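Structure first, then comments.
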Amino acid sequence: MAKPWFWLGLGLVLTACGVPLVVVAPGFEPLTLEGRAGGAVASGQCGSVHRRPNHRLQIAEDMDYLKLEVREARNVTLLVRGADGFLCATPIQDRPAQISGYWRAGVYEIFIGSLDPGQSPPYRLVVSGAKSLP
């Protein structure tokens, strides 16, 4: 059972920016997050994004491999802000935006952008620790 102070701290984290915190650790099962891309803030190469992150991801331990991939959306980008700065991924030809590789433990803010101004297409963000998905 978690200590009472843990739940208080978690509650503060969840309400700090209004975006739930998803926690992953090595060996986790792939998960899918959904939402709508785009927003009012121009981010340059990563298109327009919301002012707040679409998702927040906490990596509990360093991971040799983690993959974030946006699926089922066209002209949708992936912008990740972590302790080391920003990473931006855009779709290439018919391949969706994705970022994969080694990830350090920490909290990451994930913004799903749109390259089409004024558009907010629905998307699915797949988070996986496996190098290949079915």
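The values are calculated or read from the model by the stated rules, or taken from the named source; none is laboratory data. The model shown is predicted, which means the values in this text are computed figures rather than measured ones. Don't worry about glycine lacking a Cβ; one is built from the backbone with ideal geometry, like all the others, and counts go over all protein chains shown. Remember, those area values only see protein heavy atoms, side chains included, never the ligands or the DNA or RNA. Shrake-Rupley method; radii C 1.70, N 1.55, O 1.52, S 1.80 Å.
Any idea how many residues of the stretch 89-132 are hydrophobic (A, V, I, L, M, F, W, C), open to solvent by 60 Å² or more (accessible area, probe 1.4 Å) and either touching a residue at least 40 places away in the same chain (Cβ under 8 Å) or within 20 Å of residue 19 (Cβ to Cβ) (or both)? Can you show your working first?
Filtering the stretch 89-132 down to residues hydrophobic (A, V, I, L, M, F, W, C) leaves 89, 92, 97, 99, 103, 105, 107, 110-112, 115, 125-127, 130.
Cutting the leftovers down to open to solvent by 60 Å² or more (accessible area, probe 1.4 Å) gives us 92, 107, 115.
Pick out the ones that are also either touching a residue at least 40 places away in the same chain (Cβ under 8 Å) or within 20 Å of residue 19 (Cβ to Cβ) (or both) and you get 107, 115.
Qualifying residue count, the stretch 89-132: 2.
As an exercise: evaluate residue 60 against (1) farther than 20 Å from residue 31 by Cβ; (2) among the hydrophobic types (A, V, I, L, M, F, W, C); (3) open to solvent by less than 70 Å² (accessible area, probe 1.4 Å) and give the number of the one condition it does not meet.
Just one mismatch for residue 60, condition (1).
In the set 92, 112, 99, which member is among the β-branched types (Val, Ile, Thr) and in contact with a Phe, Trp or Tyr (Cβ under 7 Å, 6 or more places away or on another chain)?
112
Looking only at the stretch 69-88, how many residues end up being touching a Lys or Arg at 6+ places or on another chain (Cβ under 8 Å) and without any contact (Cβ under 8 Å) to a residue 12 or more places away in the chain?
Of the residues in that region, 0 qualify.
Somewhere in the stretch 2-16, is a residue in contact with a strand residue (DSSP E or B) (Cβ under 7 Å, 6 or more places away or on another chain), within 26 Å of residue 120 (Cβ to Cβ), at pLDDT below 95 and open to solvent by less than 90 Å² (accessible area, probe 1.4 Å)? Break it down into steps so the answer makes sense when it comes.
So in the stretch 2-16, the residues in contact with a strand residue (DSSP E or B) (Cβ under 7 Å, 6 or more places away or on another chain) come out as 13-14.
Next, from what is left, pick out any that are within 26 Å of residue 120 (Cβ to Cβ): 14.
From what is left, the residues that are at pLDDT below 95 are 14.
This time we only want the ones that are open to solvent by less than 90 Å² (accessible area, probe 1.4 Å), so: 14.
Within the stretch 2-16, one or more residues are in contact with a strand residue (DSSP E or B) (Cβ under 7 Å, 6 or more places away or on another chain), within 26 Å of residue 120 (Cβ to Cβ), at pLDDT below 95 and open to solvent by less than 90 Å² (accessible area, probe 1.4 Å).
Please state which of the following conditions residue 85 fails to meet, knowing it meets all the rest: (1) modelled with pLDDT of 95 or more; (2) open to solvent by less than 50 Å² (accessible area, probe 1.4 Å); (3) out of contact with any Ser or Thr (no Cβ under 6 Å at 6 or more places or on another chain).
Answer for residue 85: the failing condition is (1).
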